[in-house]
Amino acid sequence: MTLFLLQGITFGFAAAAQPGVFQTYLISQSLNNGWRRTLPLTFAPLLSDIPIILLVLSVLSQLPPWLERGLRFAGGVFLLYLAYGIFKKWSKDKTGDTDLRQFHSVNVLQAALVNLLNPSPYLGWSLVMGPQFLMGWRITPAYGLALVVGFYITMIAFSIVIVMIFSLTRSLGPRIKRFLPPAAGLALLILGFYQLWMGIKI
């Protein structure tokens, strides 16, 4: 169970720390509206991911073992590609001066819609979380649940940290933001190589 929990924690950290639509949305709300109004938005993935998870798992559960193995390998390649993109972008722009105030409304349902229309959860659950969840669930449901719990607790907790940082230290926000991508990239590299190893091993 510990292995599945650690995988969930690692991917949850990477999902919260890597640059993306939802992270930008949270940072924008933090800068515009402060942490009190933004903190509830960190729980939006719990709403938006439910239909995504049900859809992806219903499809994955019907796949033959050889195709599931291929998806696991593809998930490893996908994570390494994300890590490469993060490091490449970070190396070109370390200033952190990107305009993050592009979103102006504050609403949990709207935040959930932002995440629902974001391709990252679909890709993450199809190529990484979904196959790993099913593998753990087939051993014992507790393993699959440990993966999910570790993922969402870590992602939400780290999102809360990001909101607090950008709300309370707005002048330092861009400086802190530039250190998040390499941390996320490292986590994705670790997960990517693990997924490749599992794809070859199974």
Within segment 29-53, work out how many residues are crowded, with 23+ Cβ neighbours inside 10 Å and not in a helix (DSSP H, G or I).
0
Test for L26: is it at pLDDT below 85, on the phi < 0 side of the Ramachandran plot and assigned to a helix (DSSP H, G or I)
yes
Tally up the residues in segment 60-93 that are β-branched (V, I, T) and modelled with pLDDT of 75 or more, please.
1
Tell me which residues, restricted to segment 1-49, are touching a Pro at 6+ places or on another chain (Cβ under 8 Å), of a type in the set (S, T, N, Q) and over 17 Å from I165 (Cβ atoms).
S48
Set G12, G96, G34: member being under 27 Å from L196 (Cβ atoms) and either at pLDDT 80 or above or in contact with a helix residue (DSSP H, G or I) (Cβ under 8 Å, 6 or more places away or on another chain) (or both)
G12
Do we find a residue being closer than 24 Å to I53 by Cβ, of a type outside the set (F, W, Y) and at pLDDT below 65 anywhere in segment 181-189?
yes
For segment 117-128, which residues satisfy the criterion of being at pLDDT 70 or above, hydrophobic (A, V, I, L, M, F, W, C) and over 17 Å from Q62 (Cβ atoms)?
L123, V128
Of the conditions (1) within 17 Å of the chain's Cα centre (by Cα); (2) at pLDDT 75 or above; (3) surrounded by fewer than 18 Cβ atoms within 10 Å (Cβ to Cβ), R138 clears all except one; give me its number.
(1)
Checking L172 against (1) more than 25 Å from L80 (Cβ to Cβ); (2) in contact with a Gly (Cβ under 9 Å, 6 or more places away or on another chain); (3) modelled with pLDDT under 65, the condition it does not meet:
(2)
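The values are calculated or read from the model by the stated rules, or taken from the named source; none is laboratory data. The model shown is predicted, which means the values in this text are computed figures rather than measured ones. All Cβ positions, even for glycine, are placed from backbone atoms using ideal geometry, and neighbour counts span all protein chains on display.
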